[in-house]
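Chemist: Before we start, here is the structure in question, set down as structure tokens.
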Amino acid sequence: MLAVDGPSGAGKSTFARSIVEDFRAREVPVVLLSTDEFATWNDPVAWWPRLCEGVLKPLSAGSPGAYRRMEWPPEGPRLGVTVTVPLPEVLVLEGVSSGRSSVRPLLSHLCWVDGGDEAARLARSVARDGLDHRADLRRWQLFERGWFAVDGTREAADSHVD
């Protein structure tokens, strides 16, 4: 299992997709799973048990996993459809908190994607998600700054991408 972690707007998703494409080009069975499938503005990291129970534990036991994807209708986020996760040779877990301390013993590699300063990352995030989400994205940045400091994710990473 490979985790690609770092702050919002850093380029984690793009980097993780390129890794997955490389594995697929070599015909390695790989699954990409994003923490965006779980997190919400008001629940940035406490959803982790759903990922562990539904996906990580079954995969580690040699069985497919499953989880309910977070959907974002106009009235707000809610649990949506169930997604089955086939048993891969490589699982690429991507997103904020994917390399958290509780999962590090299971990881083969933790990659930290830095993505530059907060202002540049916020601008990229707003360009991606829309100006309506700017306040939420800024609040998220402030949360993740504290999260990463406490969790020590950047310092624990096996590799760093600027």
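The values are calculated or read from the model by the stated rules, or taken from the named source; none is laboratory data. Computed from a predicted model, the values in this text were never measured in an experiment. Every residue, glycine among them, receives a Cβ derived from its backbone with ideal geometry; neighbour counts consider all protein chains shown. These accessible areas exclude ligands, DNA and RNA; they are computed on the full protein's heavy atoms, side chains included. Shrake-Rupley method; radii C 1.70, N 1.55, O 1.52, S 1.80 Å.
Chemist: What percent does the relative contact order of the stretch 40-123 come to when contacts are Cα pairs within less than 8 Å and at least six residues apart?
Modeler: 18
Chemist: Highest first, please rank the peptides 46-52, 151-157, 71-77 by the mean number of other Cβ atoms sitting within 10 Å of their residues.
Modeler: Those peptides, ordered most packed to least, come out 151-157, 46-52, 71-77.
Chemist: Tell me whether the stretch 12-108 comes out rounded, prolate or oblate; compute the Cα gyration tensor, take square roots of the eigenvalues as a ≥ b ≥ c, and use a/c under 1.5 as the rounded threshold.
Modeler: Note, shape of the stretch 12-108 comes out prolate.
Chemist: Could you pull out every residue, at least 5 positions away or on a different chain, whose amide H is within less than 5 Å of the one on residue 161? Hs are placed 1.01 Å off N in the peptide plane, and Pro or chain starts have none.
Modeler: The list, which skips near neighbours in sequence, is 112, 113, 114.
Chemist: Could I ask something else about it? Would you calculate a helix-derived [θ] at 222 nm for the chain, using -39,500 (n - 2.57) for each DSSP H run of n ≥ 4 and dividing by the full residue count, to the nearest 500?
Modeler: -10000 deg cm²/dmol
Chemist: Hey, another quick one. Can you say what percent of the DSSP beta bridges in the stretch 26-127, counting only those with both residues inside, are antiparallel? Round to 5.
Modeler: Counting only bridges with both partners in the stretch 26-127, antiparallel ones make up about 60 percent.
Chemist: Accessible area per residue for the stretch 1-69 in Å², computed with a 1.4 Å probe and the full protein assembly in place, what is it?
Modeler: Here the per-residue accessible area is 47 Å².
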